Amino acid sequence: MKTRLLSVLALAAVVMVLSAGASADTTPGLLIYDWGTGSFLYITDGGVNDSDGPGNGSITFVGSIGNFVLTVDVGQASPPLSANSADLSFSVTNTSKVADTLAIVFSTAGYTTSGLSNNSIGGTQQGTLQWGLWQDNSNTGCLSDTTCPGFNLFQHDLSGSPYSDTADVTVGNGGDPYALEQSVWVHLDGTTGHNVTTGDYFLHVPEPASFSLLAFGLIGLNGLRKKFLA
């Protein structure tokens with residue numbers, strides 16, 4: 001009887017752990033858009049132009065689009081218990097002397113928690129940069145036709161090099177799933193030839209409430225174990 005009860009309690013604790021990491025899925029999308037030429041790419045995990053391989057919750061693109069040569073790495077942190085963190089790393093080079101803007105948007109659907117999200121960015125640049133976060137309550141995220149539904153949570157303009165910035169904004173959809181879209185706009189004037197901008201945009205979404213209860217569940221499990229073994 002003691003063994004059976006402890007097994008049931010242990011199973012409940014495992015279920016709580018798995019539930020804590022299930023607030024975001026691992027099917028991100030990456031939209032890259034050259035405003036000057038109208039050229040764009042939409043890349044999904046494991047899809048065409050993803051050199052990182054399928055099914056790992058991340059996307060890597062190395063190549064050119066319009067007037068730019070770039071490397072972009074995006075993805076959710078792993079293991080799954082850290083699935084509420086997302087990272088957008090980028091290196092953009094303007095290969096012409098034409099002023100142009102490149103937009104990079106990393107979207108992930110399936111978030112369910114509400115609370116304060118922590119956003120930070122830093123890097124070097126030879127132009128100016130805008131960064132921001134959008135929330136889509138339809139839980140869609142960016143689409144292959146360059147449409148990114150949702151509303152803006154914040155948008156900041158940055159100049160100078162090196163640059164860094166932070167933003168804490170509230171996210172959530174009343175318990176219903178929603179998508180988040182990390183956005184970066186790189187503005188390069190082309191006056192010095194091959195302008196280069198690099199950066200890393202890190203997003204952390206609040207952990208599910210069930211995760212914070214896990215410690216209490218394990219403490220209770222230990223107390224019951226002592227009681228039944230006494």
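The values are calculated or read from the model by the stated rules, or taken from the named source; none is laboratory data. Since the structure is predicted, the reported quantities are computational estimates derived from the model, not experimental observations. Please note: Cβ atoms are built from the backbone with ideal geometry, for glycine as well, and neighbour counts cover all protein chains shown.
Results, tabulated for the structure shown:
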| item | result |
| --- | --- |
| Any pair with Cβ under 9 angstrom, 6 or more apart, that starts in the range 185-207 at a residue that is closer than 16 Å to SER91 by Cβ and in contact (Cβ under 8 Å) with a residue 40 or more places away in the chain and ends at one that is of a type in the set (Phe, Trp, Tyr) and surrounded by fewer than 19 Cβ atoms within 10 Å (Cβ to Cβ) | TRP185/TRP35; GLY199/TYR163 |
| Residue identified as over 26 Å from SER39 (Cα atoms) and surrounded by 17 or more Cβ atoms within 10 Å (Cβ to Cβ) among ASN94, ASN137, ASN84, ASN118 | ASN84 |
| The one condition in (1) over 24 Å from VAL69 (Cα atoms); (2) surrounded by 14 or more Cβ atoms within 10 Å (Cβ to Cβ) that GLN125 fails to fulfil | (1) |
| The range 36-59, residues that are polar (S, T, N, Q) and farther than 18 Å from VAL186 by Cβ | THR44, ASN49, SER51, ASN56, SER58 |
| Pair list, Cβ < 7 Å and 6+ apart or interchain, from the range 96-116 residues that are within 12 Å of LEU180 (Cβ to Cβ) to residues that are surrounded by fewer than 23 Cβ atoms within 10 Å (Cβ to Cβ) and of a type in the set (Asp, Glu) | ALA109/ASP25; GLY110/ASP25; THR113/GLU207 |
| Condition check for ALA179: surrounded by 17 or more Cβ atoms within 10 Å (Cβ to Cβ), closer than 17 Å to VAL74 by Cβ, aliphatic (A, V, I, L, M) and in the same structural domain as GLY38 (by TED's automatic domain parsing) | yes |
